[in-house]
Amino acid sequence: MSATYKTSESKREEFRKYLEKEGVLDSLTKILVCLYEEPEKPINALDFLKQHLHGGSPESNDVETLRLELQELRTKHEAVVSENEVLKAKLQEYETPAEEKEAES
C-alpha cells in the first residue's frame with residue numbers, strides 16, 4: 001500500500017511541476033487574487049474566472065470600432081443589393097427586346 005501511495009504522490013508532484021512550468025498555477029493564482037480583491041464579488045464566480053482566463057472582456061474601444069464597422073458594412077451591403085436590383089431590371093429590359101426580335105425573325 002505504501003508503494004501505491006508513493007506512486008500516487010509522485011504523479012501528483014509531477015503534475016504540479018508541469019502546471020507550474022506551464023504558468024498555469026501563476027495564472028490561476030493571479031485570477032483568484034483578482035477575485036479576492038474584487039470589492040463587489042460577482043454573482044457567478046465561475047464566470048468571473050472564465051472571463052479572466054480568456055483575457056477579459058474586449059476593450060470598449062474595440063467593441064465600438066467593430067460596431068461602427070458592422071454598421072458601415074450593412075449600409076454598403078444594402079447599397080449593393082439595391083444596385084443589383086436596378087441592374088437586373090435594366091438587363092431584363094435589354095433581354096426582352098432581343099428575344100422579341102428573335103421571335104419576329
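The values are calculated or read from the model by the stated rules, or taken from the named source; none is laboratory data. Since the model is a prediction, treat every value here as computed from it, not as a measurement. Note: areas computed on protein heavy atoms with side chains; ligands, DNA, RNA excluded. Shrake-Rupley method; radii C 1.70, N 1.55, O 1.52, S 1.80 Å.
Points to keep in mind about this one:
- Accessible-area order (highest first, 1.4 angstrom probe) of the listed residues HIS77, HIS52: HIS77, HIS52
- Compared with the alpha-carbon gap, the fully stretched path from GLU78 to GLU40 is longer by 9.2 nm at 0.36 nm per residue.
- Within the assembled protein chains, the solvent-accessible surface assigned to SER82 is about 60 Å², based on a 1.4 Å probe.
- The 3J(HN,Hα) values that the Karplus relation (6.51, -1.76, 1.60; θ = phi - 60°) gives for region 71-83 are, in residue order, 4, 4, 5, 5, 5, 4, 4, 4, 5, 5, 4, 5, 4 Hz. Gly and Pro appear as x.
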